[in-house]
Number of protein chains: 2
Amino acid sequence: MDDFESQDPIEELITNYNELNSSVIEELSEEPSPLEFMRFVARNTPFVVRGAAADWRATRTWNVDYLKDFLGDEPVNVAVTPAGNADAPTPFTSPDGSTTLVFAKPHEEDQPFSAFLDYLIAQEHSRAHSPSPCSSPSPTPALTSKSAESQEEIRYAQTQNDNLRHEYRPLFTHVPPSIPFARIALAREPEAINLWIGNSRSVTALHKDNYENIYVQIAGQKHFVLLPPVCHACVGERGLKPAHYQRKRGRGSPQGGAGLELVVEEGEEEVPFAVWDPDRPGENATRYSALAQPMRVTLNPGDMLYLPCMWYHKVSQSCSPEGVCIAVNYWYDMDFTGPLYPLSTFVRSVSNRRNMVLQGLSL
Amino acid sequence: MDDFESQDPIEELITNYNELNSSVIEELSEEPSPLEFMRFVARNTPFVVRGAAADWRATRTWNVDYLKDFLGDEPVNVAVTPAGNADAPTPFTSPDGSTTLVFAKPHEEDQPFSAFLDYLIAQEHSRAHSPSPCSSPSPTPALTSKSAESQEEIRYAQTQNDNLRHEYRPLFTHVPPSIPFARIALAREPEAINLWIGNSRSVTALHKDNYENIYVQIAGQKHFVLLPPVCHACVGERGLKPAHYQRKRGRGSPQGGAGLELVVEEGEEEVPFAVWDPDRPGENATRYSALAQPMRVTLNPGDMLYLPCMWYHKVSQSCSPEGVCIAVNYWYDMDFTGPLYPLSTFVRSVSNRRNMVLQGLSL
């Protein structure tokens with residue numbers, strides 16, 4: 001155990017996985033049967049079904065005016081950040097001048113739905129004149145002092161609390177109440193159905209969830225970068241101090257920009273989080289990051305992605321011609337029995353210990 | 001990585017697995033559907049279906065006279081050992097008096113089928129008068145000098161080379177050509193269908209196979225002790241020198257007994273093999289062996305076991321009133337894609353390194 005040099009088991013794990021599995025996602029032309037789906041679940045392997053949701057009422061009808069008709073000025077929860085970095089590792093400069101990564105949670109507030117949409121669209125369209133066109137993948141927000149000092153804030157409706165069956169209930173009948181192949185195969189109803197509305201300024205940082213996830217694009221595009229659970233050593237998980245954005249009460253606060261300041265929650269427990277970004281592979285890399293072979297897939301309206309439990313995913317987005325990006329996802333509880341969950345925890349434990357040793361830190 | 005003491009990831013792995021999974025096998029009253037079966041495959045979790053094969057022609061009709069009618073004096077491959085220890089870790093005493101464990105392969109020879117059966121039965125019935133009755137689980141053969149010096153040899157038809165579709169072809173139509181739920185779920189035909197004929201003197205040592213296994217009892221009983229792949233650190237895998245039994249040419253050879261001598265294959269590559277026996281937990285144990293919670297199941301005639309790929313299994317047997325034990329198993333190629341195979345290899349690498357460190361051996 002002292003010597004991982006001669007034949008490093010972590011390197012062997014990732015290499016073996018890469019040799020046996022494609023990094024190109026499987027594309028299906030129609031939804032799988034429950035049995036076919038269960039084979040993907042058993043292999044913990046993603047697939048995309050092009051056009052599976054093309055006929056959904058949501059896909060056919062949702063546009064800005066239509067959605068405003070249903071929700072009007074109803075208050076909806078909005079995540080507000082200076083750089084589209086809700087729940088993301090973010091540099092924080094202390095009063096003493098030192099900079100560390102913290103886990104930045106968004107400022108959350110209720111906004112009237114129509115005004116929220118108008119803001120997204122106006123921002124998106126103003127951005128269409130910039131060198132990064134609306135239809136191309138959004139780059140990772142550069143969390144530099146420049147963007148942090150921007151006076152524009154980024155808004156994203158991204159509560160992952162079953163919001164389509166609660167906050168956005170008037171829209172719920174526009175999508176199926178469950179995904180039949182998943183409901184039958186997994187023998188359960190969805191634990192949560194979430195609606196996501198944002199623009200190309202928001203990016204969801206690389207993370208993983210303990211859910212089987214069926215992700216459906218309604219308007220605009222989502223750009224996924226995926227890594228399997230065996231790649232834990234690549235993502236550089238670290239304990240980050242939790243922090244949150246809040247609206248500034250005064251003027252001239254040095255952190256956050258956009259009228260927002262980042263407040264570190266001193267004394268709170270650290271949040272273990274991936275700090276490596278596959279789109280900036282040279283930053284925050286571990287010895288193993290270069291072994292990762294990220295799987296990339298872009299969802300167009302009507303496309304359906306199976307994102308298996310515990311896969312790391314980073315998600316950026318492009319907008320519809322109207323200037324919004326809308327998606328719905330179904331979370332099904334994963335099965336914690338069997339070997340996969342304890343084995344993933346094991347990989348995480350060994351990988352984190354190994355990365356600490358490589359950094360010369362004590363355990 | 002240097003310090004597994006504070007919270008040992010291997011211990012955490014086995015403990016997590018034990019907390020999330022029962023060590024009591026799931027019993028089904030009828031065969032699963034392909035989808036239900038696929039859920040077990042996804043969980044890499046065994047089950048038994050009581051009586052699933054009760055109506056098979058094999059189960060209804062196979063007895064000693066009936067089998068002799070079909071095969072008569074046809075030659076069949078028989079594994080011959082002094083103690084029922086085919087393919088088992090076995091103590092070997094060198095000329096210099098030192099004893100090491102070697103991997104003992106049986107002597108193999110063709111015998112007329114009827115004579116082979118008669119030998120099994122006569123041996124079994126002579127044994128029925130001993131304190132260990134025919135119907136109770138066979139203990140692990142004690143590989144002591146006493147048993148090794150016995151003049152009786154143990155015979156077992158146990159070729160795992162698809163023998164029911166070849167050597168025993170006249171009997172093949174007495175069983176289904178595949179197991180429908182497995183064929184449909186796994187979308188493949190069996191890679192091998194094997195017939196096993198022996199008596200209570202043979203024991204199959206703890207090992208694992210890279211196959212999905214459907215094991216069906218026809219006559220007598222099989223007693224399985226099962227361990228999941230996460231328990232690799234418990235089984236004490238070691239590199240053993242390969243060895244094989246051969247019939248003595250002269251007299252007075254000190255090794256093997258029963259007219260057999262054990263020949264170590266010097267210069268051949270070592271065979272990595274489990275040396276811990278869950279039925280003798282104090283011998284050859286690792287620091288982790290005591291954490292194992294073996295799953296035990298006895299198959300009666302007509303019972304069907306799903307033994308998932310990569311599960312360790314030790315198998316002993318009891319005889320029908322006629323004095324034989326007969327089983328059939330279907331091997332389906334496992335799926336090497338997905339994370340389970342590379343993760344199991346990873347557990348093996350880390351566990352073997354850790355056990356070597358604990359023994360003070362260099363890597």
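The values are calculated or read from the model by the stated rules, or taken from the named source; none is laboratory data. No experiment lies behind these values; they were computed from the predicted model shown. No Cβ is skipped: glycine too gets one built from the backbone with ideal geometry, and neighbour counts run over all protein chains shown. The protein model used for the area step is the full one, side chains on, heavy atoms only, and it has no ligands, DNA or RNA in it. Shrake-Rupley method; radii C 1.70, N 1.55, O 1.52, S 1.80 Å.
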Computed Kirkwood radius, in angstrom, where 1/r is averaged over Cα pairs of region A:146-218 = 14.6 Å
Just name one of B:Thr100, B:Ala290, B:Asn355: the one whose Cα is farthest towards the positive end of the charge dipole of the protein assembly as shown (beta-carbon charges, Lys/Arg +1, Asp/Glu -1).
-> B:Ala290
What is the interface area between chains B and A, defined as buried accessible area summed over both chains with a 1.4 Å probe, reported in Å² to the nearest 100?
-> 4100 Å²
Mind pulling the per residue volume of the convex hull built on the Cα atoms of region B:163-297? Å³ is fine.
-> 188 Å³
Quick one: check the C-alpha center-to-center distance for region A:179-229 versus region A:322-363, whole angstrom.
-> 16 Å
Positive-end residue of A:Phe37, A:Asn63, A:Gly51, charge dipole of region A:32-88 with Cβ unit charges = A:Phe37
Choice from B:Ala58, B:Ala187, B:Ala83 with maximal GNM fluctuation in chain B (Cα, 10 Å cutoff) | B:Ala187
In debye to the nearest 20, the charge dipole size for the protein assembly as shown, taken about the Cα centre with +1 at each Lys and Arg Cβ and -1 at each Asp and Glu Cβ, equals 140 debye
Quick one: what Rg and Dmax do you get for region B:51-115 from the alpha carbons, in Å?
-> 18.3, 57
Rg/Rh ratio calculated on Cα atoms of region A:250-363 (Kirkwood radius) = 1.02
Nm distances between the label at B:Arg169 and the same-position labels in the remaining copies, 7 Å along Cα→Cβ, shortest first?
-> 7.0
Report the charge-dipole magnitude of chain A in Debye, nearest 20, computed about the Cα centre from +1 at each Lys and Arg Cβ and -1 at each Asp and Glu Cβ.
-> 440 debye
Teacher prompt: B:Thr61 distances to equivalent labels in other copies, 7 Å Cα→Cβ, nm = 6.5
Hey, got the average number of other protein chain Cβ atoms within 10 angstrom for residues in B:28-35?
-> 2
Per 10 Å bin, what is the whole-percent P(r) computed from every C-alpha pair distance within the protein assembly as shown?
-> 3, 13, 20, 20, 16, 11, 8, 5, 3, 0, 0
Percent antiparallel among DSSP beta bridges confined to the protein assembly as shown, rounded to 5, stands at 90 percent
Which number gives the lysine pairs in chain A that have C-alpha atoms under 27 Å apart and are eight or more places apart or on different chains?
-> 16
Per residue of A:226-237, other chain Cβ atoms within 10 Å number on average 1
Calculate the mean, over all residues of peptide B:16-23, of how many other protein chain Cβ atoms lie within 10 angstrom of the residue's Cβ.
-> 4
Could you give, in nm with one decimal, how far A:Pro112 is from each other copy of that position, shortest first, with labels 7 Å out from Cα toward Cβ?
-> 10.1
For region A:41-109, the percent of accessible surface on carbon and sulfur atoms (probe 1.4 angstrom, ligands and nucleic acids excluded) is 46 percent
To the nearest 500 deg cm²/dmol, what mean residue ellipticity at 222 nm is calculated for the protein assembly as shown from DSSP H runs of n ≥ 4 alone, each contributing -39,500 (n - 2.57), summed and divided by the residues?
-> -6500 deg cm²/dmol
Distribution of pairwise C-alpha distances over region A:309-363, 10 Å bins, in % | 17, 27, 25, 20, 10, 1
hull vol. (C-alpha, convex hull) per residue for chain A, Å³ -> 148 Å³
Radius of gyration and Dmax over the Cα atoms of region A:3-83, both given in Å = 21.7, 65
Of all C-alpha pairs within region A:182-234, those more than 15 angstrom apart amount in percent to 63 percent
